[in-house]
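Here's the structure we're looking at; comments come further down.
The values are calculated or read from the model by the stated rules, or taken from the named source; none is laboratory data. Since the structure is predicted, the reported quantities are computational estimates derived from the model, not experimental observations. Cβ: placed from backbone, ideal geometry, glycine included. Neighbour counts: every protein chain shown.
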């Protein structure tokens, strides 16, 4: 057996490593993108059965299904824009409330030297003992008791409840990067805790707030179970619930369903990529 | 209207996917894991990484990510134990409820069979598994400076 020189062996080793990494990356990419490809394939097909016929690309691609969704041209889609507005309302309010509650909680625990503050963080994380779906039945009863059932506020309350613990954890970790001396200097100058929070803490926490806001928005945008259980009137449905009615149909127009799903996925994609830089730095503590 | 029974379109879709629930769960998990781990790689100083080129993943990246791997795995386990949507849409518990998980079973008991107490009991039966996982997660988050 011929022994290869060290340099050649090193290069070969490096090349093989790079090839293996690239192969793994491509496989993972394909695996992750196949559902999106299938969505597009079906949405572009005028009949909506391309995926079942085994075509790689529809023979006559058409944007007709997107037009139908846009103009609410099918009876399942007659409330599309209203439902889209509901989704947006739930998503934005969940984002805002999660940012507000978690930033106040992390400020109180991390900056005001709250006694037993650590317990508060742990208690928030303990909500994850029970996954959200396990709490659906008690939450539904609670919403009925307080007159919140079939209302968007019940959904918002549920989403905020699930987004807040992780948001508090992320904000608390990020806040450790901000020197406490800044707060102390402001206090020496006569600033109240509220002023420290508004004028120092919030501006410096902007990347982390963008991260948790995006997280909360994506969570509420893609959540299904609570919206399905809590919203019963068609007028109050969100798009996630409206998609389910296609599922129940005897003559499901799959191309409309997929076009609807693609349109529904666009706003969070746009928000995520526009805030990507802040999200990355907010989650890692690396300044973008 | 039944909350969990679905029409022929769903049944047709399910027949095509039967037996592939695990792959779908993995398909949902990989993007989440990839995002978390990508963010976790950022704080590793590039200089340290470049210094040990031949086996840098084994000797540098992997040990530095050990805690985040554990936290990600624990969080994924907790989330997947309670995941409703993937199972509901992919198999719906078919055939003959053999692919039901606790979340779908609980909702089925509560809404299809109108027995909410049975549904809650089904879901709470996951507690003996969940409590140790959460305790481990809390200890990990407390003892290490985990950046999520």
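Restricting attention to segment A:61-73, does a residue exist that is more than 14 Å from chain B (Cβ to nearest Cβ), part of a helix (DSSP H, G or I) and under 28 Å from residue A:187 (Cβ atoms)? Looking for residues that are more than 14 Å from chain B (Cβ to nearest Cβ), part of a helix (DSSP H, G or I) and under 28 Å from residue A:187 (Cβ atoms), one finds none in segment A:61-73, hence no.
Consider residue B:106 carefully, then state whether it is assigned to a loop (DSSP other than H, G, I, E, B) and either surrounded by 14 or more Cβ atoms within 10 Å (Cβ to Cβ) or at pLDDT below 80 (or both). When the stated conditions are applied, residue B:106 does not pass them.
Just to be sure I understand, how many residues within segment B:72-95 are out of contact with any helix residue (DSSP H, G or I) (no Cβ under 7 Å at 6 or more places or on another chain), away from every other protein chain (no Cβ under 11 Å) and farther than 30 Å from residue B:62 by Cα? Residues in segment B:72-95 being out of contact with any helix residue (DSSP H, G or I) (no Cβ under 7 Å at 6 or more places or on another chain), away from every other protein chain (no Cβ under 11 Å) and farther than 30 Å from residue B:62 by Cα: 1 in total.
On inspection, residue A:226 fails the criterion of being farther than 13 Å from residue A:98 by Cβ and at pLDDT below 85. Of the residues screened, residue A:210 is one that is within 14 Å of chain B (Cβ to nearest Cβ), buried (at least 19 other Cβ atoms within 10 Å of the Cβ), in contact (Cβ under 8 Å) with a residue 12 or more places away in the chain and over 30 Å from residue A:77 (Cβ atoms). Residues in segment A:1-57 that are under 19 Å from residue A:258 (Cβ atoms), at pLDDT below 80, in contact with a helix residue (DSSP H, G or I) (Cβ under 9 Å, 6 or more places away or on another chain) and outside any helix (DSSP H, G or I): A:47, A:48, A:49, A:55, A:56. Tell me yes or no: at least one residue of segment A:227-244 is surrounded by fewer than 17 Cβ atoms within 10 Å (Cβ to Cβ) and not in a helix (DSSP H, G or I). Scanning segment A:227-244, I find at least one residue that is surrounded by fewer than 17 Cβ atoms within 10 Å (Cβ to Cβ) and not in a helix (DSSP H, G or I), so the answer is yes.
The set of residues from segment A:137-166 being facing chain B (nearest Cβ under 10 Å) and over 19 Å from residue B:131 (Cα atoms) comprises A:137, A:138, A:140, A:141.
Yes or no: residue B:98 more than 9 Å from every other protein chain (Cβ to nearest Cβ), modelled with pLDDT of 80 or more, surrounded by 13 or more Cβ atoms within 10 Å (Cβ to Cβ) and over 30 Å from residue A:207 (Cβ atoms)? No: the conditions fail for residue B:98.
Of the residues that sit in segment B:109-132 and are part of a loop (DSSP other than H, G, I, E, B) and either out of contact with any helix residue (DSSP H, G or I) (no Cβ under 7 Å at 6 or more places or on another chain) or in contact (Cβ under 8 Å) with a residue 60 or more places away in the chain (or both), which one is farthest from residue A:139 (Cα to Cα)? Among those residues, the one meeting the criterion is B:113.
Taking residue B:88 as meeting all but one of (1) over 19 Å from residue A:223 (Cα atoms); (2) assigned to a helix (DSSP H, G or I), write down the number of the exception. Only one criterion is unmet by residue B:88, namely (1). Residue check: is residue A:92 within 29 Å of residue A:231 (Cα to Cα) and surrounded by fewer than 19 Cβ atoms within 10 Å (Cβ to Cβ)? Yes.
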